[in-house]
Amino acid sequence: MADNAALRARMADLGLTQDELARQMNAALLDITGRPGDVSARTVRNLVSGATRRPIGRTCVALERVFGCPIAELGFVSTATAVPPEDPVLRRSFFNLTAGALLRPVSGQADRRTVGMSDVLRLREGMAALTALDQSRGGNAALERTSLAAAAEAIGLQQRAVSQTVRQRLLSLAAHYTASAAWSCIDARQLDRARAHLGEALRMAGMAQDPVAQLRVWNSTAMLAHQRHEYGEGIAASQAAQATAAARRDPMFSSLAHARTAIGHASCGEHKPALRSLGLAETALAKADPTAPRPPWIGFYGPAEFVALTAVVHELLGRPAHAEAASHRALASLPAELRRNRSMTMVRLAAAQLRQGEVEQACATTGGVFDLMAGGPLPGRLRTLIGDFHRSLFTVAPSAQVAREWADRYRTEWRTE
């Protein structure tokens, strides 16, 4: 008799004890049949220990409802007995990717009396899809609205008959979705709305007791403060991120928090603290396990993004040659699907080249941004960065032919909302 490792791993991922799983399965059976289930703690022990390898009937249906997947994915042998089919609504993805690549949430069934882990999993799947679109296209009003709608659904579900575990998971999802809305506003340069969303996300992350969500909010708060030129607040926010349990447990999160702190110090012209924080970020990143399971939003961060942030620090410290070298290294390793991040790095590379008097090369570098982001409007943050380059260009070379040609060719493109 072998332990069911797959089921045990799924339970650990969702924070379910054996007693809690029994309660969730009984709630699922009540939802499906209208009658209370009779799954006992002993039943669950047999499932986890491997004594039961071929669950049938009500047990099978309840497991699939709670975990939102076929029993084969839970380490069991599928049976040949006829099992009542699950409502197709439960098999729908939380987001449907339309031809225009706009994600729309699918609401839960209005007449359901209980809420379980299947709802948590459904909402969690949608977050990954939103993150992929953001990383490819950047923040926009549609992503903000979709994120807020998903957060509202999570809040609504946790007000029904739910266990404490499910309630905390739903509050955590609401916090992450609201943080996604805030990030979309930051990227679109809607700074006042971003601040309001971040305050709400932090409140829900606290209620959910979710240190990863808290770190995410502090990370975005540091970025927002940088955009608002409130550099002291940015340093405080990134240090708050460092102090979270998530940063203490996972060097990847710690590295990101230290990198944000480095940017804050560099923005204040504090050379030694900036470089010290950058060194701490690099040390932490070297300790991080890149294969460890993490939420989708942190997927952008790794060695390539760290080098890109290193370029930002050197640029702010007035070290254009170091910034140029770091930008080249980042572009050599940033994934192709991170179009927005690659574009931001290309503009910073151009700015570093311009500060060293390489006007023609800088103009050519920024031209690649418009090719890379073709097919959609530029995110507000990227437009602002290109606007900064444009002003610097005419400060450094106001009468240069290449500068006038650059402005004639790209002015309309980078100003378009």
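Neighbour counts of C-beta atoms inside 10 Å place Thr43, Thr178 in the sequence Thr43, Thr178, starting with the fewest.
Helix 117-137 and the longest principal axis of the Cα set of the chain meet at an angle near 20°. Taking amide H as placed 1.01 Å from N in the peptide plane, Gly50 has its amide H under 5 Å from the amide H of Asn4, each at least 5 places away in sequence or on another chain. Take every pair of alpha-carbon atoms less than 8 Å apart whose residues are at least six positions apart; their mean separation over the length of the chain yields a relative contact order of 9 percent. Take every pair of alpha-carbon atoms less than 8 Å apart whose residues are at least six positions apart; their mean separation over the length of segment 174-270 yields a relative contact order of 23 percent.
Where a number appears in this text, it was derived from the coordinates with a stated rule and is not lab data. Computed from a predicted structure; not experimentally measured. Note: ideal-geometry Cβ built from the backbone for every residue, glycine included; neighbour counts use all protein chains shown.
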